Amino acid sequence: MNSFFRVLTVCLFSTPLLAQGAEDFLRSTGKIYSVVVVICILFLGIAVFLYRLDRKITKLENQIKHEQ
Amino acid sequence: MTNKSSILINGIWWKASGIIIFLYVLIGGMLVPLGPGVTAITPSNAVAGDTVVLEISGYNTHFTDAQNCNAWLKLDSNHLIKAYSIRSLSQKKLKAAFVLPDSFPSVAQVYTLSLVLDNEFDGVFIQPAALFVSAKTVISDALSGEWKNNFDIVFHERQGIFFPYRSILNETIRNTFFHVALWFAMFILLLIGVVYAIKYLRKGNYDDDIISSSFTAVAVMYGVLGILTGSVWAKFTWNTFWTNDVKLNMTAVALLIYLAYFVLRGMHQDQDRRAKFSAGFSIFAFTALIPLVFVIPRLTDSLHPGNGGNPALGGEDLDNTLRMFFYPSIIALTIMGLWMSQLMIRAMRIKDNILTR
Amino acid sequence: MHAGRIKDIFLKEIAVEFRQKYALGGIVLFTSALVYLIYKVFNNLTGLEWSVMLWVITLFAGLQATVKSFMQERKETYFYYYTIFDPNDLLLAKWLYNFVMIVLLFGLTLLFMSIFMGMPVKDYMLFAKGSMLGLAGLSTVFTFVSLIAASEHSSSTLMSVLAIPLVLPIMLLMLKITTVSARLIQDTSVDQDILLLVGINAIFLGSIFLLFPVLWRA
């Protein structure tokens, strides 16, 4: 139990450090990785949109199947 | 039976061209290198009459490869000081020594000099406000011999295509293709949506409402993505996710208005009235958007281009190399938006068919 | 357009309003209670807080007052109006009525606020000019949105959801003009703000006059 808490505290305290590291990474090489993040957001947004459209169409297909 | 408007363009060619153009923007926008620039200069202050040795850190520079490295400190186009000795420590580090003259051509407390670097690999590039020189107490009228003028210097020009280097933006200048273009595509899609809303109110054809709402939905998705990408970009340039910037807040309001549009659509049960009222609201919202996004930000300072002294698009911010990718990006995102709206339109038409059967 | 018709509808609106005195009294009570609450919560308001509160109260009281412009009578009555009136006459009368209501509520709020918390405004001319333009804009948006929201059961929620983002530019400009007229900030471009307000009003009024006849049929 004790060791569990120790791991937990280490994890909790290292999160900001990790975040710091991530941010340093994103800022490295002239902030190029922030461009990558922007492109990822763009891609994910379109993917979510398509996923929702997919579900809508599945619902319609089921409706048609039920009617037949 | 409602007659279908011919918004559906058949064929795969335009979808393929959208993808190809987007791929071109993605690959080109990421692979074209950034031009040379200066990231840091130490020291940044000096006193007139001193000898200073500037240690210059460059970005995308080739200091060791270059044979003819030259550096000038520039006051204005007629007054430059040439470095008397230059030593490159590495590709990205350079030491340049200058003798600052006692006398300056104009009277001021502090002179702001920009640094001009030139070599045959990187061409000529300028770091504005590189060195602040405080004047000596005695200012003589006679100019000492260090000052040279621009005319007899032959600068190199960099070969190949590259994006301009901006000191805070750095590589994120590429976000122009993915963030700024998103807003332009959003406005094009909103405009199509409003045109169909007007068409619906004039003709009362339910299909036009389907088209209008689909385009608005995709445009709102673009708007949300624009806010998200913009806030990521802001984090890495202005160091905050959300600023009090007027354009940012006004677009947030614009999004709120259009989200209210979907609340309105969701609340109505009756198809005909929903179509009519949401078409009316969308036209009204679009007219409300015009003062919102374009006029009000001009009243106050903004970090965005085109406001409060920042150069607008078409000025220095958007050079020809950026344009090579910026306009195609708008076209590609618009085509992809058209495609997505068409998928929505087709789904909603099928739904309408089922309901009216 | 027919001036006599407009006057008739306008007077009818007032008659209907005074027939249900409790509704009018409710709004007055709402306003005064809100002002009193703010007075008790803040005790002392700075000039900026004062102007923010003034406009927020006006916004919500105005919403309350205008939400029922197209709801207080039965469907048949509206159908009857539809057959005898030109929609533009009706719209203008409603707009005028809403404008008068909002101005009255604004005056009332101003009165209560200056009794409880003082009056920081120094440049009365600018304040009056700006407020009238802003209130005209509010009444335009509210008239239009109340028409759209009228057909729904939960219309007051819908009304606030639709109207608040739409009036935001007007509110921001009003806040700026109020703070300038209270001499809290110096601004030389305040005339430009007034012009902008006129422009927004023109755009809003123009678009609702184009849209109303079409939507009214529904």
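The values are calculated or read from the model by the stated rules, or taken from the named source; none is laboratory data. Nothing here was measured: the structure is a model prediction, and the numbers come from that model. For neighbour counting, all protein chains shown are included, and Cβ atoms are generated from backbone atoms with ideal geometry for every residue, glycine included.
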Exercise. Please go through region B:174-192 and pick out each residue that is surrounded by fewer than 22 Cβ atoms within 10 Å (Cβ to Cβ) and at the interface with chain A (Cβ under 10 Å from one of its Cβ atoms).
Key: none
Quiz prompt | Any chance B:L113 is under 22 Å from B:I168 (Cα atoms) and in contact with a strand residue (DSSP E or B) (Cβ under 8 Å, 6 or more places away or on another chain) | solution = yes
Quiz item: Which of the residues spanning region C:171-218 are aromatic (F, W, Y) and either crowded, with 18+ Cβ neighbours inside 10 Å or in contact with a Pro (Cβ under 6 Å, 6 or more places away or on another chain) (or both)?
Solution: C:F204, C:F212, C:W216
Practice problem: Taking C:F79 as meeting all but one of (1) more than 30 Å from C:M117 (Cα to Cα); (2) modelled with pLDDT of 80 or more, write down the number of the exception. | Solution: (2)
Self-check item: Condition broken by B:V195, with the remaining ones in (1) over 16 Å from B:M336 (Cα atoms); (2) touching a residue at least 24 places away in the same chain (Cβ under 8 Å); (3) away from chain C (no Cβ under 14 Å); (4) not polar (S, T, N, Q) satisfied
Solution: (2)
Quiz item: Which residues, counting only those in region C:138-161, are facing another protein chain (nearest Cβ under 7 Å) and assigned to a helix (DSSP H, G or I)?
Solution: C:F144, C:I148, C:L158, C:V161
Quiz prompt | Selection within region C:188-199 - facing chain B (nearest Cβ under 9 Å) and within 21 Å of C:S51 (Cα to Cα) | solution = C:S189, C:Q192, C:D193, C:L196
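Checking the structure you have, find out if any residue of region B:308-321 is modelled with pLDDT of 75 or more and not in a loop (DSSP other than H, G, I, E, B).
yes
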Self-check item: Lone unmet requirement of (1) modelled with pLDDT of 75 or more; (2) under 30 Å from B:W233 (Cα atoms); (3) touching a Pro at 6+ places or on another chain (Cβ under 9 Å) for B:S167
Solution: (1)
Quiz item: Within the group B:I56, B:I41, which residue is surrounded by fewer than 19 Cβ atoms within 10 Å (Cβ to Cβ) and within 23 Å of B:F163 (Cα to Cα)?
Solution: B:I41
Exercise. Would you check which residues across region C:203-218 are assigned to a helix (DSSP H, G or I) and either within 10 Å of chain B (Cβ to nearest Cβ) or modelled with pLDDT under 80 (or both) and list them?
Key: C:I203, C:F204, C:G206, C:S207, C:I208, C:L210, C:L211, C:F212, C:P213, C:V214, C:L215, C:W216
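So, in region B:66-93, exactly how many residues are part of a strand (DSSP E or B) and under 20 Å from B:P128 (Cα atoms)?
From region B:66-93, those part of a strand (DSSP E or B) are B:70-76, B:79-82, B:85-88, B:93; that's our starting set.
Checking the rest, the ones that are also under 20 Å from B:P128 (Cα atoms) come to B:70-76, B:79-82, B:86, B:93.
Matching residues across region B:66-93 total 13.
Looking at B:L228, B:L248, B:L255 in this structure, which one is part of a helix (DSSP H, G or I), more than 10 Å from every other protein chain (Cβ to nearest Cβ) and closer than 17 Å to A:I41 by Cβ?
After applying the criteria, what remains is B:L248.
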Exercise. Scan region C:3-18 and report the pairs whose first residue is in contact (Cβ under 8 Å) with a residue 24 or more places away in the chain and whose second residue is surrounded by 14 or more Cβ atoms within 10 Å (Cβ to Cβ) and among the polar types (S, T, N, Q), with Cβ atoms within less than 7 Å and a gap of 6+ or a chain change.
Key: C:V16/C:Q72
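To keep it simple, each residue is scored yes or no on (1) hydroxyl-bearing (S, T, Y); (2) within 20 Å of C:L111 (Cβ to Cβ); (3) at pLDDT below 80; (4) out of contact with any helix residue (DSSP H, G or I) (no Cβ under 9 Å at 6 or more places or on another chain).
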position	(1), (2), (3), (4)
C:H2	no, no, yes, no
C:Q20	no, no, yes, yes
C:G25	no, yes, no, yes
C:L29	no, yes, no, yes
C:V35	no, yes, no, no
C:I38	no, yes, no, no
Quiz item: Does C:G47 fit the bill of being at pLDDT 80 or above and in contact with a Lys or Arg (Cβ under 9 Å, 6 or more places away or on another chain)?
Solution: yes
Self-check item: Answer from C:I177, C:I148 - the residue that is touching a residue at least 40 places away in the same chain (Cβ under 8 Å) and under 19 Å from B:A260 (Cα atoms)
Solution: C:I148
Quiz item: Just one of the numbered conditions (1) at pLDDT 85 or above; (2) more than 10 Å from chain B (Cβ to nearest Cβ) is not true of C:I164; which one?
Solution: (2)
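Can you find, within region C:167-187, the residue that is nearest to the other protein chains (Cβ to nearest Cβ) among those that are part of a loop (DSSP other than H, G, I, E, B) and not polar (S, T, N, Q)?
Filtering region C:167-187 for residues that are part of a loop (DSSP other than H, G, I, E, B) and not polar (S, T, N, Q), the one nearest to the other protein chains (Cβ to nearest Cβ) comes out as C:D187.
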Self-check item: Of the criteria (1) within 14 Å of another protein chain (Cβ to nearest Cβ); (2) surrounded by fewer than 18 Cβ atoms within 10 Å (Cβ to Cβ); (3) among the hydrophobic types (A, V, I, L, M, F, W, C), which one C:M132 fails
Solution: (1)
Self-check item: Subset of region B:275-289 (residues that are modelled with pLDDT under 85 and more than 7 Å from chain C (Cβ to nearest Cβ))
Solution: B:L289
Quiz item: Out of all the residues in region C:103-124, which are closer than 16 Å to C:L184 by Cα, in a helix (DSSP H, G or I) and of a type outside the set (F, W, Y)?
Solution: none
Self-check item: Tally of residues being modelled with pLDDT under 90 and of a type in the set (A, V, I, L, M, F, W, C) across region B:191-221
Solution: 1
Quiz item: How many residues does region B:26-65 hold that are assigned to a strand (DSSP E or B), among the small types (G, A, S) and closer than 27 Å to B:R174 by Cβ?
Solution: 4
Self-check item: Only listed residue being within 19 Å of the chain's Cα centre (by Cα), of a type in the set (S, T, Y) and more than 25 Å from B:Y200 (Cα to Cα), chosen from C:S160, C:S207
Solution: C:S160
